[in-house]
Structures are given as C-alpha cells and as structure tokens.
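Here the structure is laid out as structure tokens; the discussion comes afterwards.
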Amino acid sequence: MSVRTVRIAMNGVTGRMGYRQHLVRSLLALREQGGLDLGDGTSLMPEPVLVGRREHALEALARRHGLSEWTTDLDAVLADPTVEIYFDAQVTSAREEALRRAIAAGKHVYTEKPTATGLEGALELARLAQRAGVRHGVVQDKLFLPGLLKLKRLVDGGFFGRILSVRGEFGYWVFEGDWQEAQRPSWNYRAEDGGGIVMDMFPHWEYVLHNLFGRVTSVQAHVATHIPRRWDENGEPYAATADDAAYGIFELEGGIVAQINSSWAVRVHRDELVEFQVDGTEGSAVAGLRRCRAQHRSATPKPVWNPDLPATETFRDHWQEVPDNGEFDNGFKAQWELFLRHVALGSSYTWDLLAGARGVQLAELGLRSFAEGRRLTVPEPVL
C-alpha cells in the first residue's frame, strides 16, 4: 500500500479539547494505525504541524509525541504550500479571523464550533470558502457518540412512530476555582472573550436536533449567570460576565417540541453528563454518551397517580438496552476520517461551514430571545 502524506496545521492544540480529542485521539491515533485507508491502495498519513501562541507548550507537546514541526508563526504556516489543511481549536474570539486567513491562503479548513461570534461572520466564512473552492468542515462530534448513533438507528427504523417531543439534560458542576480548581478555562465565563454556555452548547443542540429529528424552526430561551464570581487559572478572582446556564424550548419541523437544559451549575443526578429522552406514539428512548435504552408501547407500564402510597414499580426496569450491533470509534476521530476522505477523494460531506453557521444562528437567536422575552422564528440561513 502506498502512503500519501497530508500536512495539517493544528492551531489551538495546547487547549484541552484540541489536545486530547483532535491531536491525540484522532490524528495521532490515525498515525498509529498506519494512516487512513482510502480504499484505492493508498494510506493517507496525517502529519500535524502544531501552531499556537505559547512556544514552550508547543515544544513540550512536540517532544512528548515525537513530532518535529511546531511554530508560533501562523502566517508562515499558511504560506507553506505543503500544508493542505488548517484546523482551528482556538478560543472562539480568535477563530473567525484565523479561518479567513486560512481560506485566503487556499487551505482546506476544518474547525471547532462556534465558527464565529455572530451569524454574519459565520455566513461570510462559508461564502469565502465556497468562492475559494476549498473544502470545509465543522466539528459536530456528538453525532458520532455511541448513544446517539443508537438513537438514530431507532429513528431511522421507525421505532418511535410519530415523534412528539425531545427532552435533553446537559451539564455538571464546574467548580468556582477558589477551593477546588475549575474543570473549564476561565475565558468560558467571560462574555468579552467569547464565553457563555449558549454560544458553546446551542450550536451542538442545533446539529443534534437537525440531523436526528428535523430543522429547528423556533427558539425561546431563558439564560442565567448563576455563579457571578469565579477564580482564574492563577487563583485570581474575576467577575463571570457570561451565561453559565440556559433553558431552551425549540420547535422543530413537523411540530416536534424539544426542551434542553444546559448548565455548568448543576449537580449530576442522571446516568451520563448528557441525556436525551425521545417520546413517540409507538415508543420512547433515553440516550446518553454511550448508552441508549428504549421502551416500546407494548412494554409500557400503566402507572396510576396516588401520592398517598409509595411507588411499587421500579420504572427503569421496564426499559430495554439498545445493543451496540457494531464497534464505535472515538467520535472526533470518526469525523476526522470522513473529512480527510472528503479532502482526498471528494466524497460527500454535509457538516460544512454553512452547517456551522446554523449553530451560530441558533445561539444568537437564543440570546436575543432571552433579551426580548419572546419566542423567535429560526429562518434557514442562505449564502
């Protein structure tokens, strides 16, 4: 098998997500397995070029993983004709400008979300990429989680009958940083740095709802900053100016109603950090990151409300585990493989910058819905 090398500029890999999921568990994992088999006798071998602002951190990562190329000079990397793909996992506020520069340099682009801080910027990125003729993709990792893949299998198989509603619960307690170190970076809680749970999570909910159940047609949201004071990485207190919780109601095509709570100020009393319950006329299911359990109408118990007596049924026992029926790879790696095939072979790919703009639009409208105290229509964005 012949080997074809693809050089990928990776900007932002010193951050938690960029490092763990995109570098180590995706591209380095692909290298360890001998590259990506393109099916034509060729193995596509990714060659990361680490890019960032902190020289010492980049050098340490390169040494740790035996990589030879790292730099703080983004312009030099974008000017290098041997670099084919630019990947961005920076803070949100820095992403749009870097993507513009990469597209102008003729690079294919693959990026974390949100792609920009506003809809117009996100749409302009899609327009620029389309005009430049470069291939482009946006990370939509939750579609590749085992639990949601099983849920999609139920949807595609008609298990639910007519789907009525979706209820989602996401979140966990992020420590304030004073007596225990926070699990998330401090910029997440500063609006001036592009932080906020709405801008972080509503783009996720857009593509999950859109791809599994139908396009979002309206949004009504309530947003809160429950913890107004936090401590940063240096132990210094700061004002949390960004939202840390959002409670959204979304109407989908076909009349499906989705309710999703997102919070970094909630203690977990569920099986996984995110769970979606889907109810339909023929059955229901609850899906998390890895598990999915279902209950058909024929196996649905018939509870009777009586607050004077203790419950005699263990309701969870009436649900059946949906089997794996296959092997599930890391979700980030699975989408990287699809995007690399798209670049190398021109295979179809739907999770592009326009799809990313839909997520930015939903976040923008969610914040506006809260500010104006009303439900807003979500139009289909056009280039």
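Since every read-out is calculated from the coordinates, none of them should be taken as a lab result. Here the structure is a predicted model, which is why all the values come from computation and not from measurement. Note: ideal-geometry Cβ built from the backbone for every residue, glycine included; neighbour counts use all protein chains shown.
Once phi is turned into ³J(HN,Hα) by the Karplus curve 6.51 cos²θ - 1.76 cosθ + 1.60 with θ = phi - 60°, what whole-Hz value does each residue of segment 322-339 show in order, with x for glycine and proline?
Rounded to whole hertz, the list is 7, x, 5, 6, x, 9, 10, 7, 3, x, 5, 5, 4, 6, 4, 4, 5, 5.
For a quick check: sort Glu32, Glu84, Glu272 by the number of other beta carbons within 10 angstrom, fewest at the front.
Least to most surrounded, the residues fall as Glu32, Glu272, Glu84.
Where the convex hull is taken over the Cα atoms of the chain, what is its projected area averaged over directions, in nm²?
For the chain, averaging the hull's shadow over all directions gives 21.7 nm².
How many nm separate the modelled label positions at Ala334 and Arg297, each set 7 Å beyond the Cα in the direction of the Cβ?
Calculated label separation equals 3.0 nm.
What FRET efficiency, computed as 1/(1 + (r/R0)^6) with R0 = 30 Å and r the Cβ-Cβ distance, is obtained for Asp75 and Met17, rounded to the nearest 0.05?
E between Asp75 and Met17, to the nearest 0.05, is 0.75.
What is the gain in length, in nm to one decimal, between Arg64 and Ala265 on full extension, counting 0.36 nm per residue of separation less the C-alpha to C-alpha distance?
Roughly 68.9 nm would be gained on extension.
Taking the Cα atoms only, what angle lies between the long axis of helix 119-132 and the longest principal axis of the chain, rounded to 10 degrees?
For helix 119-132, the angle is close to 50 degrees.
Please compute one quarter of the surface area of the Cα convex hull for segment 199-332 and express it in square nanometres.
Mean projected area for segment 199-332: 12.6 nm², to one decimal.
Order by neighbour count: Asp232, Asp243, fewest other Cβ atoms within 10 Å first, most last.
Ranking Asp232, Asp243 by Cβ neighbours within 10 Å, fewest first, gives Asp232, Asp243.
Run through segment 93-193 and list the GluC sites (Glu not before Pro) located in a DSSP loop whose Cβ has at most 15 other Cβ atoms within 10 Å.
Glu181
If you rank Glu59, Glu372, Glu69 by fewest surrounding Cβ atoms within 10 Å, what's the result?
Fewest-to-most Cβ neighbours within 10 Å comes out as Glu372, Glu59, Glu69.
With θ taken as phi - 60° and the coefficients 6.51, -1.76 and 1.60, list the Karplus ³J(HN,Hα) couplings across segment 153-158 in order, rounded to whole Hz; mark glycine and proline as x.
After applying 6.51 cos²θ - 1.76 cosθ + 1.60, I find 4, 5, 4, 5, x, x Hz.
Want the number for Trp305 to Glu380: 0.36 nm per residue separation, take away the alpha-carbon distance, what's left?
Taking Trp305 through Glu380 to full extension adds about 22.7 nm, to one decimal.
Report, in debye and to the nearest 20, how large the dipole of the chain comes out about its Cα centre when Lys and Arg carry +1 and Asp and Glu carry -1 on their Cβ.
540 debye
Using 0.36 nm per residue, how much length does the chain from Tyr247 to Leu345 gain when fully extended, once their Cα-Cα distance is taken away?
31.1 nm
With the crude spin-label approximation of a point 7 Å out along Cα→Cβ, what separation in nm comes out for Glu181 versus Ser43?
Using points 7 Å along Cα→Cβ, the separation is 3.7 nm.
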